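Engineer: This structure is in C-alpha cells; I'll ask about it shortly.
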Amino acid sequence: MEFSQRLDLFGDEVFAALGARRRELEAAGRRVFDLSVGTPDFEPPAHVVEALRQSAADPANWRYSLHDTDELLAAVCSYYEDRYGVGGITPDMVMSCRGTQEGLVHVCAALSDPGDVALVPDPCYPVFQNATLLAGARPAYYRLTAEHGFLPHLADVPADVADAARYLIVSLPANPVGSVGTPEVYEEVIAFAREHDLVVIHDNAYSDIVFDGERGGSFLAYPGALEVGVEFLSLSKSFNVTGARLSFLVGRPDVVAAARKLRSQIDFGMFYPEQAAAVAALTGPREAVERQRLLYQERRDALCDALVEAGWERPNAHGSMFVWARIPGGRTDSVAFALELMERSGVIVTPGASFGPSGEGFVRMALVMPPERLREAVAAIAAAGM
Ligand SMILES: Cc1ncc(COP(=O)(O)O)c(C=O)c1O
C-alpha cells in the first residue's frame, strides 16, 4: 500500500538509532544518563491535580467540550495582566490548544497555503519546521549562531524572502540553543513584521525558566506586538503538566479566529477537567514556579561548571531547560559524537544536527536531573576521555 508523500517529510533515523542503542545498553546493565528528552522530573502543583480530580468527578464534565469556558478565558486574560503586565487581552484573543505542539500545526495551516514561504529558526524545535511542511509551505531559515548570541538576526534575511513569507516563528527562551529574548530583539522582530507584512508566531514555552536574575516575559508586552502577532502560552514546563496538554494561543484576534475555525474541523476542544486544571494553574499561587526556576539554575550551574572543568567550552544556557554545548576538540559530526558519547560514557544527548543544519557541531543536554547526578554524568564523560 502507498501512503501519503506527506510522511516522507519527516525523518526519525537519529532518534530511532539513539533509542535502540539505549535500550541495548540498559538491557546489558550499563549505567545510563538520559539528557536527551525535555520532560520535567518535577511534579505538578497539588492544587492543579486537585482541580482536575474534582472536575473529573462530575459526569457533566465528560461531555464534548465544544467551547473554552468563560472562566478559562478570563483566567488567561488575567494571567497576562498579572504575570506579564499585558493588559487588554480579551476572550476573543484567546483559544485553548491541546498543547503548543498541536496548536502550531493548526495555526500554520490557518496562515499559509501550499507553496507559501514561512520564516523559521535554524536550529529550531522541530515542530516549527514540521508544522510549516504539513501546511504545504516551504520553510526559509534564519540562523541562530554564536556570532549573534544565538538570537534572531533578521537583517540577514534576504528582502525577497521576507516579502514572500506569510509568517515568522520566534521562540525565546529558545529550545535548543538556550538564549533569552531582549527588548532589542523583540523590537526588531515587530519592525520586521510590519515592514514585510507578515504574522509573528511567538512560542513562549519557557518564560518561567530564565536564569541569572532575568525575568521572562511575554512577546505581547512589546509595543505593536498585538498588531502583528500571536503567542503560545504553554503550561507544560511552568507547571510540569506535559501530559495534560494545556496551552493557549493568545493575541491578534483575526489570527486566533482563523486558527479556531481550522481547529474546530479537527477536534472538540479541551476536556473540561483539564480546563479546570488550567484555571487552577493560571489563578493559583506561583511561588513553586519561582522555586523551580532556581532549582533549574542550580542544575544549569552544576552541568556547565562540570563541563568547563572537563575541558568543554562554557555552553550557551541562559534560559529554557536546555544547555547548548559545542562539541569539544573541533569535532563537527554531532550524530556520530552523540552515538560515541553514549557508547563510551552512557550519557545520552541530542545531536545538534537534529534541530537543523546550524546545529551541527553542538549537542543539547536537558536539565532533567538533580545537580549531583548531572555532575556524575559529566564525570562519566570525562572518564571516557570525551
Ligand atoms: C520551544 C517549545 N515549544 C513547545 C513545546 C511543547 O509545548 P506543549 O507541551 O505545550 O506542546 C516544547 C517542548 O519541549 C518546546 O521546547
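Engineer: On the basis of being over 24 Å from the mean Cα position of the chain (by Cα), within 26 Å of PRO40 (Cβ to Cβ) and of a type in the set (Phe, Trp, Tyr), does TRP312 make the cut? Talk me through it step by step, then tell me what you get.
Structural biologist: Working: over 24 Å from the mean Cα position of the chain (by Cα): yes; within 26 Å of PRO40 (Cβ to Cβ): yes; of a type in the set (Phe, Trp, Tyr): yes.
So TRP312 passes the test.
Engineer: Condition first: of a type in the set (Phe, Trp, Tyr) and under 26 Å from PRO351 (Cβ atoms). Can you find one or more residues in segment 161-176 that meet it? Break it down stepwise before answering.
Structural biologist: In the first step, residues of segment 161-176 are kept if they are of a type in the set (Phe, Trp, Tyr); the result is 167.
Cutting the leftovers down to under 26 Å from PRO351 (Cβ atoms) gives us none.
Checked segment 161-176: no residue is of a type in the set (Phe, Trp, Tyr) and under 26 Å from PRO351 (Cβ atoms).
Engineer: Take the residues in segment 154-190 that are over 25 Å from GLY115 (Cα atoms), away from the ligand (no atom under 16 Å from the Cβ) and of a type outside the set (Val, Ile, Thr); name whichever of them is most open to solvent (accessible area, probe 1.4 Å).
Structural biologist: Of everything passing the filter in segment 154-190, GLU184 is most open to solvent (accessible area, probe 1.4 Å).
Engineer: Let me ask something additional. Does at least one position in segment 51-62 carry a residue that is of a type outside the set (D, E, K, R), open to solvent by less than 80 Å² (accessible area, probe 1.4 Å) and under 25 Å from the mean Cα position of the chain (by Cα)?
Structural biologist: There is at least one residue in segment 51-62 that is of a type outside the set (D, E, K, R), open to solvent by less than 80 Å² (accessible area, probe 1.4 Å) and under 25 Å from the mean Cα position of the chain (by Cα).
Engineer: Also, I was wondering about something else. Just give me the residues in segment 10-36 being part of a helix (DSSP H, G or I), among the aliphatic types (A, V, I, L, M) and open to solvent by 70 Å² or more (accessible area, probe 1.4 Å), in sequence order. Give the derivation first.
Structural biologist: Taking segment 10-36 and keeping what is part of a helix (DSSP H, G or I), we get 13-27.
Right, trim to among the aliphatic types (A, V, I, L, M) and you get 14, 16-18, 20, 25, 27.
Scanning segment 10-36 gives a single hit, ALA27.
Engineer: Which residue out of ARG331, ARG344, ARG293, ARG326 is of a type in the set (D, E, K, R) and under 22 Å from PHE239 (Cβ atoms)?
Structural biologist: Numbers: ARG331 fails: under 22 Å from PHE239 (Cβ atoms); ARG344 fails: under 22 Å from PHE239 (Cβ atoms); ARG326 fails: under 22 Å from PHE239 (Cβ atoms).
None of the others qualify; the one that does is ARG293.
Engineer: Any residue in segment 106-118 that is at pLDDT 95 or above, among the polar types (S, T, N, Q) and open to solvent by 40 Å² or more (accessible area, probe 1.4 Å)?
Structural biologist: No - not one qualifying residue is present in segment 106-118.
Engineer: Scan segment 328-381 for residues that are free of Cβ contacts under 8 Å to residues at least 40 places away in the same chain and either in a loop (DSSP other than H, G, I, E, B) or not assigned by TED's automatic domain parsing to the domain that holds ASN316 (or both) and jot them down.
Structural biologist: Those that are free of Cβ contacts under 8 Å to residues at least 40 places away in the same chain and either in a loop (DSSP other than H, G, I, E, B) or not assigned by TED's automatic domain parsing to the domain that holds ASN316 (or both): ARG331, THR332, ASP333, GLU360, GLY361.
Engineer: So is THR242 of a type in the set (Val, Ile, Thr), open to solvent by 40 Å² or more (accessible area, probe 1.4 Å) and over 21 Å from the mean Cα position of the chain (by Cα) or not?
Structural biologist: Numbers: of a type in the set (Val, Ile, Thr): yes; open to solvent by 40 Å² or more (accessible area, probe 1.4 Å): yes; over 21 Å from the mean Cα position of the chain (by Cα): no.
No: the conditions fail for THR242.
Engineer: Something else now. Mind counting the residues in segment 291-327 that are part of a helix (DSSP H, G or I), of a type in the set (S, T, N, Q) and either open to solvent by less than 10 Å² (accessible area, probe 1.4 Å) or more than 16 Å from the ligand (Cβ to nearest atom) (or both)?
Structural biologist: Going through segment 291-327 one residue at a time, the tally reaches 1.
Engineer: Can I ask one more? Looking for something under 24 Å from SER171 (Cα atoms) and either basic (Lys, Arg) or modelled with pLDDT of 95 or more (or both) - is there at least one such residue anywhere in segment 331-342? Lay out the reasoning, then the answer.
Structural biologist: Looking only at segment 331-342, we keep the residues that are under 24 Å from SER171 (Cα atoms), and these are 334.
Subset that is either basic (Lys, Arg) or modelled with pLDDT of 95 or more (or both): 334.
Yes, the conditions are met somewhere in segment 331-342.
Engineer: Tell me, which helices (runs of 4 or more DSSP H) wholly within segment 45-133 include 3 or more residues that are of a type in the set (Val, Ile, Thr) and within 16 Å of the ligand (Cβ to nearest atom)?
Structural biologist: Values: elements: 46-56, 70-84, 100-111.
Correct list: 100-111.
Engineer: Anything in segment 208-241 that is closer than 20 Å to ILE89 by Cα, within 16 Å of the ligand (Cβ to nearest atom), in contact (Cβ under 8 Å) with a residue 60 or more places away in the chain and not in a loop (DSSP other than H, G, I, E, B)? List them, or say none.
Structural biologist: Matches in segment 208-241: VAL230, PHE232, LEU233, SER234.
Engineer: When you scan segment 330-350, do you find a residue that is within 16 Å of the ligand (Cβ to nearest atom) and open to solvent by less than 10 Å² (accessible area, probe 1.4 Å), even just one? Outline the logic, then answer.
Structural biologist: In the first step, residues of segment 330-350 are kept if they are within 16 Å of the ligand (Cβ to nearest atom); the result is 349-350.
Checking which are open to solvent by less than 10 Å² (accessible area, probe 1.4 Å) leaves us with 349-350.
Checking segment 330-350: at least one residue is within 16 Å of the ligand (Cβ to nearest atom) and open to solvent by less than 10 Å² (accessible area, probe 1.4 Å).
Engineer: Can you say whether VAL94 is open to solvent by less than 20 Å² (accessible area, probe 1.4 Å), at pLDDT 95 or above, more than 16 Å from the chain's Cα centre (by Cα) and more than 20 Å from ALA193 (Cα to Cα), as far as the supplied structure shows?
Structural biologist: Values: open to solvent by less than 20 Å² (accessible area, probe 1.4 Å): yes; at pLDDT 95 or above: yes; more than 16 Å from the chain's Cα centre (by Cα): yes; more than 20 Å from ALA193 (Cα to Cα): yes.
It is true that VAL94 is open to solvent by less than 20 Å² (accessible area, probe 1.4 Å), at pLDDT 95 or above, more than 16 Å from the chain's Cα centre (by Cα) and more than 20 Å from ALA193 (Cα to Cα).
The values are calculated or read from the model by the stated rules, or taken from the named source; none is laboratory data. Since we're looking at a predicted model, the values are computed, not measured. Using ideal geometry, Cβ is built from the backbone for each residue, glycine included, and neighbour counts are taken over all protein chains shown. These accessible areas exclude ligands, DNA and RNA; they are computed on the full protein's heavy atoms, side chains included. Shrake-Rupley method; radii C 1.70, N 1.55, O 1.52, S 1.80 Å.
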